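In what follows, a structure is listed as structure tokens, so that the remarks can point back to it.
The values are calculated or read from the model by the stated rules, or taken from the named source; none is laboratory data. All figures in this text were calculated on a predicted structure; none of them were measured in a lab. In this analysis, Cβ positions are derived from the backbone assuming ideal geometry, glycine residues included, and neighbour counts consider all displayed protein chains. Protein only, heavy atoms only, side chains kept; ligands, DNA and RNA dropped before computing areas. Shrake-Rupley method; radii C 1.70, N 1.55, O 1.52, S 1.80 Å.
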Amino acid sequence: MCGIAGILDNESNISSETLSQALRQMLNALKHRGPDDRGEEIIRLRSGINLYLGHQRLSVIDPGQGGHQPMRNGDSTLWISTNSEIYNYQELKNELRPMYNFRSKSDTEVLLRSYEAWGLDCLEKLRGMFSFAIWDAPNNRLVLARDRLGIKPLYYYSKKNIFVFSSELRAILAAKIDQPTINPSGIFQYLSYGRLGSPETILDSIFELPPGHFLIVDKNGIKVQKYWDPFKKSISLNSDTPIVEQIGHCLEEAVRLHLVSDVSLGAFLSGGIDSSAVVSMMTSSVSNPVQTLSVTFKEKEYDESKFSTLIANALGTQHHDLLLSENALLENLPLALEAMDQPTVDGINTYMISQVARNKGLKVALSGLGGDELFAGYDSFLLVPSLNRIKIIMSALPSLLRKQLGHIVSKLVPLSDKNTKLKHMITGKYSGAHVYFLFRALFCEEEVATLFADSSIKDAEIRKNLRNTQQLIDSKSDLSPVDLISYLELTQYMATTLLRDTDMMSMAHGLEVRVPLIDHKLVELMFSIPSKMKIKHGSPKTLLVNSLKRKLPTSIVRRKKMGFALPFETWMRGKMRSEMESVLLTPSQKLSDFISGDGVKKTWIDFLEKRCSWSRPWSLYVLKKWVDKNL
């Protein structure tokens, strides 16, 4: 894995020296992503138009100079800078051998030659995670592309004849070509859901290329186009082979491909079904003991160590535990916050376990991320359809009666996150066009209203969010409830929160995290399977569990889902309290046009008096720290 950066100068009147320095500043900001090697190229296109292309490399495949980037083809008509692992690169290389002589063992050269041979059709052939930039001289265009599920990030900026792109938003800031300002839509998305939705970012002129899309910059301007939809790529099931066997074969192939590496690799192991499944398949594919890592806590309600130890012993892994305390978190908190490319309510746990993995000598770790989204493991798969049925009933009631019912609930039921959402559902406020968005909401609609300093901005963003979410729901109106929730969890939660946080927190330590459970072939297969087979009451993720050749212990399969969370509910009332209050109760001039100080104070008081969960004040703390640090 790596960091990529580039500046396309289209007669901007900015000096070459200034743009060269801007590229160097971007690469400096990306050094943590690729500490092993660095490359810079100025590609002269024609008078007044130049491409400044850079790369920071984390060497995983062909770690020698054969994989150095930016990389060019034989006649220098194509140049590439990529942040990628192409797991089927050997297969593609064999297909390309009759056409090209390969100079290296790297998957980067295979990716470059794939584009040379097939153009953008090469995206159909790639199996892996990637974000890349290719200068295509024969077609006089710059091409950016991002993998199907959004595992690797890619951001861009365009203004005044300058196009800038990078693996991280803050690297574009580091170029100092412009000074972007806070994006109201970004603030609204963050407060509503605790994350930033693609293509919006926290800044008004920097955008994220959405997953499964490519972007072309040429004489016609900028074009963004979708190239992958899991429902349009669904496959025909083999009627002669049981579905669990087909899933098992696809899983085993995905994990085997994700083990391709020329450096040491291990796995995160929580003791849940998903990570246990991945480690189980890893141990069947390698001869040496797999290194596994877990975070543990003295707070037993958060600690999963007995389960991770159980599965580690059963599978014979070389296991490492990290006991994380309040003091350790406070000590590492400044660096963890500094690693955040954009504000997020999640990710601190990944920062800590990635630090341990790197200290153990690992450059690559496999994760079980994606299992809940594909195999219906979240509560949302049962609760959201039930809530939707209640919504239909409530919508038939007169609006005045619904308002009165909401008032009764707010008076009689103790204030909490769940009860606040219940009141909003009764009154018809769903934080979007479907109850799923209320299920995933951080602050509900009325709470967001109390946090916004400018009600006109808030009203405009509510309308915009309703319009966008309605378009999304309408585009998938033919899906079953289970497939719709799976799709929403993949695109609205996993891609925007879990994958983004995993990337930035692991890459802060120069660690590459691979996610075989969202191999796109497996995703396409799962969306081809009838929904009724995905949920079996009382038995979680049966398709995943039953597809494994090496069966998991019953105690792992049957145990209650915990999630990978830190004990913030306790810690923020303990040793973290003074740090939280020093930030939350101090006005931020940079946020004064958007965030109400009184609203922030009320949120903190509600938390202390146990009227809301830790995630709400924590989100405001992170937002203020990020803005003060980066803007």
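Summary table
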read-out: Probe 1.4 Å, accessible area per residue of the stretch 150-223, Å²; value: 31
read-out: For the chain, diffusion coefficient by Stokes-Einstein and Kirkwood Rh (Cα), 25 °C, 0.890 mPa s, µm²/s; value: 96
read-out: Contour minus Cα-Cα distance for M394 and T570 (0.36 nm per residue); value: 59.7 nm
read-out: Inverse of mean 1/r across different Cα pairs in the stretch 145-219, Kirkwood, Å; value: 12.9
read-out: Prolate/oblate/rounded label for the stretch 358-416 (Cα gyration tensor, a/c 1.5); value: prolate
read-out: Peptide ranges 140-150, 477-487 listed from the most packed, as the mean C-beta count within 10 angstrom indicates; value: 140-150, 477-487
read-out: Estimated FRET transfer efficiency when R0 is 45 angstrom, pair L383-V286 (beta carbons, to 0.05); value: 0.70
read-out: Overall Cα dimensions of the stretch 463-524 - principal axes, largest extent first, Å; value: 40, 31, 13
read-out: Distance between modelled label sites at E446 and I235, nm, 7 Å Cα→Cβ extension; value: 4.9
read-out: Gyration tensor verdict on the stretch 156-196 (Cα atoms; rounded if a/c is under 1.5, prolate if a/b is larger than b/c, oblate otherwise); value: prolate
read-out: The chain, helix-only ellipticity at 222 nm - DSSP H runs n ≥ 4, -39,500 (n - 2.57), divided by all residues, nearest 500; value: -12500 deg cm²/dmol
read-out: Largest-first ordering by accessible area, 1.4 Å probe, given options H319, H537; value: H537, H319
read-out: Enclosed volume per residue, in Å³, of the convex hull spanned by Cα atoms of the stretch 510-568; value: 166
read-out: Mean separation of Cα contacts under 8 Å (6+ apart) over length of the stretch 229-330, as relative contact order %; value: 23
read-out: Computed lengthening from S455 to R46, 0.36 nm per intervening residue step minus Cα-Cα distance; value: 142.3 nm
read-out: Peptides 99-108, 217-226, 451-460 ordered by average Cβ neighbours within 10 Å, highest first; value: 99-108, 451-460, 217-226
read-out: Protein accessible area in the chain, 1.4 Å probe - carbon and sulfur %; value: 50
read-out: Rg and Dmax [Cα atoms of the stretch 391-529; Å; Rg one decimal, Dmax integer]; value: 18.4, 57
read-out: Length-normalised contact order for the chain - Cα pairs under 8 Å, 6+ apart - percent; value: 15
read-out: Rotationally averaged projected area of the stretch 1-89 (alpha carbon convex hull; nm²); value: 6.2
read-out: The stretch 574-631 - accessible surface per residue (Å², probe 1.4 Å); value: 47
read-out: Solvent accessible area, Å² - L335, 1.4 Å probe, full protein context; value: 90
read-out: Per principal axis, descending, Cα span of the stretch 523-631 in whole Å; value: 56, 32, 24
read-out: Overall Cα dimensions of the stretch 275-395 - principal axes, largest extent first, Å; value: 57, 39, 29
read-out: Per residue, in Å², the accessible surface of the stretch 406-535 once ligands and nucleic acids are set aside, probe 1.4 Å; value: 37
read-out: Per-pair calculated FRET efficiency, R0 = 30 Å: S539 and S416 via Cβ, rounded to 0.05; value: 0.50
read-out: Links that overshoot a 18 Å alpha carbon limit, given the list K152/K363; K418/K464; K125/K226; K429/K464; value: K418/K464
read-out: Area projected by the alpha carbon convex hull of the stretch 210-316, averaged over all directions, nm²; value: 12.1
read-out: Calculated FRET efficiency for the pair K31/V224, C-beta based, R₀ 25 Å, to 0.05; value: 0.30
read-out: Fraction of alpha-carbon pairs over 25 Å apart in the stretch 460-578 - percent; value: 48
